[in-house]
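The values are calculated or read from the model by the stated rules, or taken from the named source; none is laboratory data. This one's a predicted model, so the numbers in the text were calculated from it and none came from an experiment. Cβ: placed from backbone, ideal geometry, glycine included. Neighbour counts: every protein chain shown. We work out accessible area using only protein heavy atoms, side chains counted, and drop any ligands, DNA or RNA first. Shrake-Rupley method; radii C 1.70, N 1.55, O 1.52, S 1.80 Å.
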Amino acid sequence: MAKSITVKKGAVASGSSSSVEGGAALAGTISRDFKEAFRLSLADYGKQWRADRRLRALDLFALALVVLGAVQLLFVALIRDNFPFNAFLAGFIVCVGQFVLLMCLRLQLVAPLEGVSRGRALGEFSIASLVLHFVCLHFIN
Amino acid sequence: MSGKSTSARTGASGAQLQSEWAAAVAWMQTVLKVAVFGSIVVAAVSSRLFAVVNFESIIHEFDPWFNYRATKYLVENSFYDFLNWFDDRTWYPLGRVTGGTLYPGLMTTSAAVWHLLRRVGLPVDIRNICVMFAPAFAGVTAYCTYKLTCDIKDSRAGLLAAAFIAIVPGYISRSVAGSYDNEAIAITLLMLTFMFWIKAVKRGSILFGTCAGLCYFYMVSAWGGYVFITNLIPFHVFCLLLMGRYTAKLYIAYNTWFVIGTIASMQIPFVGFLPIKSNDHMSALGIFGLIQVFALGQFIKQQVSYKKFKIITAVSLVVMMVVGVLGLFALTYMGLIAPWTGRFYSLWDTNYARIHIPIIASVSEHQPVAWPAFFFDSHFLIWLFPAGVFLLFMDLKDEHVFIIAYSVLCSYFTGVMVRLMLTLTPVICITAAVALSKIFDIYLDFSQILFQEDNDDAEGGKKNKKSEGAKIWPLVSKLVVSGSFIFYLYLFVYHCTWVTQTAYSSPSVVLPSSTPDGRTSLIDDYREAYYWLRMNTPEDAKVAAWWDYGYQIGGMADRTTLVDNNTWNNTHIAIVGKALSSPEDRAYEILKEHDVEYVLVMFGGLIGFGGDDLNKFLWMIRISEGIWPEEIRERDFFTDRGEYRVDSGATPTMKNSIMYKMSYHGFPELFGGEAQDRVRGQHITQGDVGELHYFEEAFTSTNWMVRIYKIRDLDNEGRPLSQVSAATKAKSKRRAAQRRPQIELRV
Amino acid sequence: MRGNYLYSCLTAVVLLVSSVLGATVEQFAAEVAKSGHNIIQLTDSNYKKWLGGTHKVPRGANVLALFTTTALEFGCQTCLKFEAEYDALVQSWFNDHPGGVSKEDPEKALFFVKVSVMKPGQIPNAFKYFNLEHIPKLLFFPAGGRIDDYQSLDLPQEEGTMRVTYLITALKGAIGISDYQLYVPTDWSSIGVTMFAVFALVYLVRKHYAFLGTLLASRALWAVCSVAFIILMISGYMFNKIRGVPLAGSGPHGEVVYILENEFQSQYGIETQILAVFYGLLAALVVGLSMGIPKLNNYYQRRSDGTFIVAVASIVLAVAVYMFFAAYTNVYSTKQGGYPFKLFKVSALF
C-alpha cells in the first residue's frame, strides 16, 4: 500500500486545504490533522519496512509497477495517440492488476486470514498472477 | 435434510462408541446427500424432456435456430474462422459480421462437448447435443445453487434450493430440451459466478476471487445479461462499505474479481472496450477506486485517533465526491464514455423504450409483468420469497447482504421486463429454501421429544402425567406444521410438472392442436413451408419476411434473408415493414431494389393462430413510421373510430397494403365468398381482397399458416405487370377448388 | 295578408342566413372579451354561428373546438385530465395574442370553443351534428370554410405538457404560423409545498440527527422496507405503473369488478393491493412460525402449560397459512381458468 499512500495523500491534502479556505482556523486544524496522520502512517510503514525483508521486496515490486504504469500513461499522453489501444490497455491493466494483487498478498502476509495460511496465499497469488498475465498477453495480440 | 439428529444421543457411553457412531452417521449423511442429489438431477433433466417426448428432438423457437446454425458452422470450421465469420446470407445486402456480434460462449461449449464425446468414442449428432444442452446444464445449475445456498445457510437449505431450481417453471421456461439459447447456459454461469464470489468474500481467498473472475468471463462470453453481475457485485460491495463492513477479505475478493474479470471480458469481440467505456460498467470501476481508498483509510485509521480520523474522512470524502462527479460528467461530455445503452436505460425510465425505441417495445420479452406470472413461474416459493429475505435480515452476514441486494434489485427489474424472471428465479429458490429449511429445522426436529423420553425414563415415572401432555402437544404441532409444508411441497411438484407440460414444452415450430374428437394432432406448417423453400427455390434466392422468422428461414430453409432476429439495424427492419405496409406498386419497387424474389407471410386466420403477421402488423407500421413518418402513418390503418379492422370496414390504406392482400389472397373464395378470420373474429368478403398483380402465390402450407409469394419478373413484352396478370388470368382459369384443410376446429 | 306573408318569409330567410353566416374576427374577439376566460362555450343555439360560414361570408378565423364533458356521471378520466391541458393551450395562445390574431400574419386568427355535455341524456345538438360518439374530441375548423369544413385532430397518448406541446405543433402546422409557444402556468402551490417540505425535512434532520442515525442503522426498518418493496414488485406494481391500468373495472351491470378475470397477462390496479396483502400476511406468518414460535417457547418454558400454548399457537399459524394460501390459489384460478391445483377453501365448510 505504501507508495500509493504517499501519492494519494498529497493529492487529497492539497485538494482539501484549497477547498475550505473560508475558515482559516478550520483549515489550519484540518491540515494539521492531515500532517499528523501522514507522519504516523509513515512511521508505522517504516516499522513494517524494517521488520520484514519480504515485504520490502514486495513493496519495491509494487513501486516498480506504479512507475511502469505511469510511464505508459505518460507516453500515451505525450504522443497523443493510443493507436494499438488494446496493447496499451493490456500493458496498463497488467500493471494495475498486478499491483492490486500484490496488495492483496501483502494484506494476507501482514495479517493472515483465518483458513488461508501465508504459504497458501502465496500460491493463490501466483495462480492469479499467471492467469492475469496470460489474459493480458492474449489481449496484446 | 438430515444432520440434526447427530447431537441427540451424546450422553450415552464411551468416547469411542460415540466417534464410531458419529462416523457412521456422517457416512449415512453423505450417502443420503448423494442419493438426493442424484434424484434432483434426474428430476431436473427428465422434467425438461416433455418437449422431446411430446414432439421430437427439434430446436425450438427463433433464436435457437441461429445458435444452432452458428454451432454447425463452428463444428465445420475452425474456431478462428468462427470468430471472423462474415455472414452474407442474412441482412441482405448488408451482411452481418456474425463472429464479432455474437456471444460465443454457448456455441463454443457445445462444440467442445461434441469434440470431447467424439474423442471418448461417442459420435453424437451436433443437433442432439444442442437439443439436450439445456437440460444437462440445468443439472449443473442445481449443483451450483446447492453450493451457493450451503454458504448462505447450510446443506439442508442447499438441498432444498437445488430441488427447487431443478423443477421451478421460471427456469424451465428457458431451458427445456431444444431451447438452445444463451440463457440455457447463462443461468448456470450466473450461479457459478455468485457461488465463487460468496466463497471469495467469506474466505478472503485470491483463488476464489480468480475463479469468480474467470466464471464472469465465461458468463460475458455467453449472455448479454452479464451486465447484471457487473452491477450486482459492486452494489453488494458498496452496501457492505456503507454498513462499515470493510475487511481485508472484501478487498481481496473484489479486487481479484474485478481485475481478472474486466481484462478477461474484453477478450470477447462483441464486448471489446465496453468495460472501460460504457456507463453500464462504470459502477464496477467506481467501486474499484472506492475500495482502494477504503483500504488506505483503514491503514490510517489504525494510526490516528478516532476523532481526527473522522475529520480527515469527511474532508476527503467531500473532495473525492466532487472530483468524481465532475470527472464523470466531463468524460461523458467529451464523449469518452458511451451514454447508457438503450436496453439498459429502458429499465430505469420505463417510458423511454416505449417512446424512443419501438423495436424494443415490440419485443414481448420487454413487457412488464402482471402478478399471475410470478405465481405461475414459482408457485408457493413466491410467498416464501419475502419471508426468506426477512429472515436473512435477521442474521445479516456479508453473504446475506448479497442475497438481499440481489432480491431487491432483481425483483424490480423483473417487474419491468418479463424476460428477467429468469434471473429472479434462482434467488427466489434460494431465499425460499432458507425460509423453508428454517421451518423444517424447528418442526422436523423430533430429537427433543425423543431425548425427553430418555430423561423421563431415567428419572422414573415421577411426573409422568405432566410429561405425557408435554410430549403429545409438541409432537402434534410439529406434525401439523411440517405436514402442511410438506403438502405444499408435494403440490409444488405437481404445479411445476403441469406448467412445464402445458406451457413451456412447445417448440413453437410444431404446434399442438386437438381435433373435435379429442385426438391431438400437430400443425407442422412452418417446417413444411421452409422445406418447400429449401427444395424449390434457387439457392441464392432472397426471401423477405418479418424479422421474427429470419433465423428460422436461415436455419431451416437455408435461404438469404433481409432481416432477422438479431435486430441490429433498425432502418433495415423498417424497410421490410414499409414494403409490407405499402401498396403493391410501391412495395414492388422496394423489394426489387433489394433483389427479393420471395415474400413470406404468416397467416393464422384459418386455424386461429394468434401470433400471425396481421397481429404484428401494427408494430411493422410503427417501426417504419419511425423512419418515414410522412409515408407511413399508423393513423391511416385505423378506422375513423380508432378500430383495427380487417373486414369490409377496413381503411383503404389497410386494404391496399400487400400484407393485407397476401394474407387474405384467396381466403374468402375458400369458403365460397365470405370467410371468417378466426383470430380477429371478422368476416372477410371476396370484394375486400384486391387482386395481386406484382406477386403470384407460390406456396401455401396445409393450414395456410405460411404463405409464400413469388415476385413476378418484368414482362418480356414490356407491359406493366398489372396488365400481364390480367392477361394471364384470362388465359388460365383459377384453380377451381382450393385445397381446403381437413381439420375444422382446433384448440 | 300577402305582404305579411312575404315579410315573415323574408324574416325567416334572413334569420336563417344570419345564423349560418360566418362570424368575423371582430365578433370572435368581442365574444372572447365578454366571456372572460378566452374559451367560448357553445350552446345549442349558437354553435352554428361560431363554427359556421357560407360561401359569401365564410368563417373569419381558425377555430379549435373541444367536445368534452366534466360531468362525473360519465367517468371520463381523459376528459378531466385534458381539461387543464386545454386551458393551458388556450392561455398560451392569448398570452402572446390578446386579440387572437397572429403577429406574423394579421390575416390569421385562432379562437377556441368548447362544447360540454352537462348531464347524461342532454346531449348538445353539436354532438349530433358532427356525429360524435367518442369524447374528448378535438375538431379543427380552418378559416375561410363552412361548417362542414373541418378536420379531426388526434389527441396524443401522452399526458400533461407533452400533449399540449404536440397539439401546439399540430396547430402551427394546420394554420401555418410559427408564433405559438407554450406557457406553463407556474404552479405556486406545488413550489410552496415542496419548499415547505424541504425546510421541514432539513429542520427535522438537524434536530433529530442522532435519532435519524439510529433509524438509518436500524436493521428491522431496512428489513421491512426491502421486503415491502419486493412484495410490491412481485404483485405487479410496475405493470400498473407502466401500463397505467385503471384501479378497478365495472361489470355488465355497472357493479365494481376488482379482479380482471381470465386475463393472465393483465390486471387491475387494485389487484396489486390485494396481492400485496396476501404476500405480506403469508410472509409474516412464515416469519412467525420460524422466529416467533421459538421465542414464545423460550418465554413459556417455565410455565406448566407452556408446551400447550406454544403448540396451539404454531397450529393456529399453520392453519392460517393454509387459509391464506387457499384463498390465494382461488384468486389465482379466477385469473387462469382451469387451474387444476386450487386448494380447498376452509370457508367453504361453513
Inset, instruction - Might you let me know whether segment B:188-211 holds any residue that is in a helix (DSSP H, G or I), more than 14 Å from chain A (Cβ to nearest Cβ) and at pLDDT below 90? - result: no
Legend entry - Unmet criterion (only one of (1) more than 30 Å from residue C:340 (Cα to Cα); (2) modelled with pLDDT under 90; (3) more than 9 Å from every other protein chain (Cβ to nearest Cβ)) for residue B:472: (3)
Inset, instruction - Scan the helices (runs of 4 or more DSSP H) fully inside segment C:172-289 and keep the ones with 2 or more residues being of a type in the set (D, E, K, R), surrounded by 14 or more Cβ atoms within 10 Å (Cβ to Cβ) and not assigned by TED's automatic domain parsing to the domain that holds residue C:94. - result: C:237-243
Inset, instruction - Keeping to segment B:429-453, report how many residues are assigned to a helix (DSSP H, G or I), more than 9 Å from chain C (Cβ to nearest Cβ) and either surrounded by 23 or more Cβ atoms within 10 Å (Cβ to Cβ) or touching a residue at least 24 places away in the same chain (Cβ under 8 Å) (or both). - result: 13
Legend entry - Residue pairs meeting the criteria (Cβ under 6 Å; at least 6 apart or on separate chains; first in contact (Cβ under 8 Å) with a residue 40 or more places away in the chain, in segment B:194-207; second among the small types (Gly, Ala, Ser)): B:197/B:212; B:200/B:209; B:200/B:212; B:200/B:253; B:201/B:253; B:203/A:115; B:206/A:128
Inset, instruction - Filter segment C:75-104 down to residues that are over 13 Å from the mean Cα position of the chain (by Cα) and open to solvent by 50 Å² or more (accessible area, probe 1.4 Å), then give me how many there are. - result: 6
Inset, instruction - Output yes when any residue across segment C:104-119 is touching a helix residue (DSSP H, G or I) at 6+ places or on another chain (Cβ under 8 Å), under 17 Å from residue C:25 (Cβ atoms), at pLDDT 80 or above and small (Gly, Ala, Ser), and no when none is. - result: yes
Inset, instruction - Would you tally the residues in segment B:391-417 being without any contact (Cβ under 8 Å) to a residue 60 or more places away in the chain and more than 9 Å from every other protein chain (Cβ to nearest Cβ)? - result: 2
Inset, instruction - Considering only residues that are β-branched (Val, Ile, Thr) and either on the phi > 0 side of the Ramachandran plot or buried (at least 17 other Cβ atoms within 10 Å of the Cβ) (or both), look in segment A:77-95 and name the one that is nearest to the other protein chains (Cβ to nearest Cβ). - result: A:93
Inset, instruction - Take residue C:131 and decide whether it is in contact with a Phe, Trp or Tyr (Cβ under 9 Å, 6 or more places away or on another chain) and open to solvent by 50 Å² or more (accessible area, probe 1.4 Å). - result: no
Inset, instruction - Name the residue, out of B:303, B:267, that is within 19 Å of residue A:35 (Cβ to Cβ), in a loop (DSSP other than H, G, I, E, B) and either open to solvent by 60 Å² or more (accessible area, probe 1.4 Å) or not β-branched (Val, Ile, Thr) (or both). - result: B:303
Inset, instruction - Just need a number here: residues in segment B:145-157 that are farther than 18 Å from residue B:404 by Cβ and buried (at least 24 other Cβ atoms within 10 Å of the Cβ). - result: 1
Legend entry - Whichever residue in segment C:279-292 is at the interface with another protein chain (Cβ under 7 Å from one of its Cβ atoms) and in contact (Cβ under 8 Å) with a residue 24 or more places away in the chain and, among such residues, is nearest to the chain's Cα centre (by Cα): C:279
Inset, instruction - For residue A:138, state whether it is in a helix (DSSP H, G or I), open to solvent by 40 Å² or more (accessible area, probe 1.4 Å), at the interface with chain B (Cβ under 9 Å from one of its Cβ atoms) and not aliphatic (A, V, I, L, M). - result: yes
Inset, instruction - Filter the strands (runs of 3 or more DSSP E) completely within segment B:504-581 down to those with at least 2 residues that are more than 28 Å from residue B:654 (Cα to Cα). - result: B:511-514, B:520-523
Inset, instruction - Please verify whether segment B:74-88 includes one or more residues that are charged (D, E, K, R), open to solvent by 60 Å² or more (accessible area, probe 1.4 Å) and on the phi > 0 side of the Ramachandran plot. - result: no
Legend entry - Sole exception among (1) out of contact with any Cys (no Cβ under 7 Å at 6 or more places or on another chain); (2) touching a residue at least 12 places away in the same chain (Cβ under 8 Å); (3) assigned to a helix (DSSP H, G or I); (4) over 23 Å from residue B:408 (Cβ atoms) for residue B:228, by number: (4)
Inset, instruction - Starting from residues that are over 18 Å from residue C:221 (Cα atoms) and among the hydroxyl-bearing types (Ser, Thr, Tyr), keep the ones in segment B:362-419 and report whichever is most open to solvent (accessible area, probe 1.4 Å). - result: B:364
Legend entry - Failed item, numbered, when residue B:642 is tested on (1) open to solvent by 60 Å² or more (accessible area, probe 1.4 Å); (2) on the phi > 0 side of the Ramachandran plot: (1)
Inset, instruction - Being more than 23 Å from residue B:576 (Cβ to Cβ), part of a strand (DSSP E or B), among the aliphatic types (A, V, I, L, M) and open to solvent by less than 20 Å² (accessible area, probe 1.4 Å) narrows it down to one of B:684, B:708, so name that one. - result: B:684
